[in-house]
Every structure is written in C-alpha cells, then in structure tokens.
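Here's the structure we're looking at; comments come further down.
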Amino acid sequence: MREDPEVSAPEPARRPPDVRVGSAPDGLAPVSVAERSLAAGARQWAALTAVVATAVAADQGTKHLVASQLGLGEEVAVVGPFSIHHVQNSGIAFGLFASATSIVILLTALAVLWMVVFFARSGARHPVLPVGLGLVIGGSLSNLVDRIRLGHVTDFLDFTAWPAFNLADTFIVVGVVVLVGMLVVADRPGRPAARP
C-alpha cells in the first residue's frame, strides 16, 4: 500500500525559542551599556587652566595699562563711536548693584565655585566645554580679584551708546555664547542613516 506524500512528509524541526536573559522587550536594545565617565580628566583640567590663566592675564594686563596711562575719567578716541575711557565700576555689568560690593563679591565667588564643581563632574561631556567655561571662569575671577583688592573694576572699552566694559566682561559673554552654542548643537537630532 502506497502512502500519500502530503500526509507522510516529515515536520520541519522546530527552532528553540529565542530567550534573552535580562533583555528589554525591545530585542534591539542592548542588554547592558557601559557608560563612560563624564568627569574632567587631566586633559580637560589642563585646557581649562590654560584658558582661565590666559583670560585673567589678558584682562589684568589691559586694566593695568589703562590705569597707568589714563587718569580716571580720561578718554582717548579710537575710531567712530569707540574710545578707551578709564572708568571705575563697583557693581556688576552696566553698573548694577554699585552700592553692594560685598554681595557682588559673595555671589561671584559662589558662581565660580559652582562652575568648578560642575566642570569636575562634567568636564569630559563636550570638547569645547573647557573653552566656554574657562572664559566665563577667567573673566569672573579677574573681576572678582579687582573687587576684593580695589573695591571696584576698571572699565575702559566704551562705545558711547553702551556702558563701558572690560576684557573680562567680553570673555564672560563670549564664554556664555560658546556654552549655549554647545547645548544647541548637542540637542540637535542626528541625521537619519542613508538607505543603501
């Protein structure tokens, strides 16, 4: 008696179930991810220190030059509305809190301390972080030294329609712009992978 081939065909071998111990419901998700430390390393600290030292030296040098060459209130026209104008500021930017020097010193010291602690924990987060934060810390430290030593800062960059400022103020603004730009670029979604 001949058997029907459709009835007697052997069943295909069953594959064992794919069991992933400890995996997420998403089969593409890795079982474990090794996270790298974001703490600042020797290279980041060296970069931060170099930027801070350069900012402080440049600011202190230009303030000393202006104070030694121009009397208080004297002004030298440079080009258009820009002039070198020797003024003193006991407050913060644009003369705010001019009568509260001790409070300004305390707040600046706390801000610098916070930035150093933040950098210690996150210095390796982005390659431009030492530059941006170094400019902010350097400018803040240089003005802080003047407030503690002299009770005021020397401002000399004057554009007539804008309150006079110094290099430390410029470094702080540029540093903040660098940090904000870093955050914007970091938050930008990545490009989708090109299809073959």
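The values are calculated or read from the model by the stated rules, or taken from the named source; none is laboratory data. Treat the numbers as computed from the prediction; the structure is a model and nothing was measured. Here the Cβ is made from the backbone with ideal geometry for all residues, glycine too, and neighbour counts use every protein chain on show.
Per-structure values
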read-out: Any hit, region 116-136, residues being free of Cβ contacts under 8 Å to residues at least 12 places away in the same chain, assigned to a helix (DSSP H, G or I), exposed (fewer than 15 other Cβ atoms within 10 Å of the Cβ) and within 25 Å of the chain's Cα centre (by Cα); value: yes
read-out: Hits in region 116-140 (condition: under 15 Å from VAL180 (Cα atoms) and of a type in the set (A, V, I, L, M)); value: VAL128, LEU129, VAL131, LEU133, LEU135, VAL136
read-out: Some residue of region 29-43 being under 28 Å from SER122 (Cβ atoms), outside any loop (DSSP other than H, G, I, E, B) and either over 35 Å from the mean Cα position of the chain (by Cα) or at pLDDT 65 or above (or both); value: yes
read-out: Region 121-150, residues that are out of contact with any Phe, Trp or Tyr (no Cβ under 6 Å at 6 or more places or on another chain) and within 15 Å of LEU107 (Cα to Cα); value: VAL136, ILE137, SER140, LEU141, SER142, ASN143, LEU144, VAL145, ASP146, ARG147, ILE148
read-out: Hey, PHE94 modelled with pLDDT under 90, aromatic (Phe, Trp, Tyr) and either outside any helix (DSSP H, G or I) or surrounded by fewer than 17 Cβ atoms within 10 Å (Cβ to Cβ) (or both) or not; value: yes
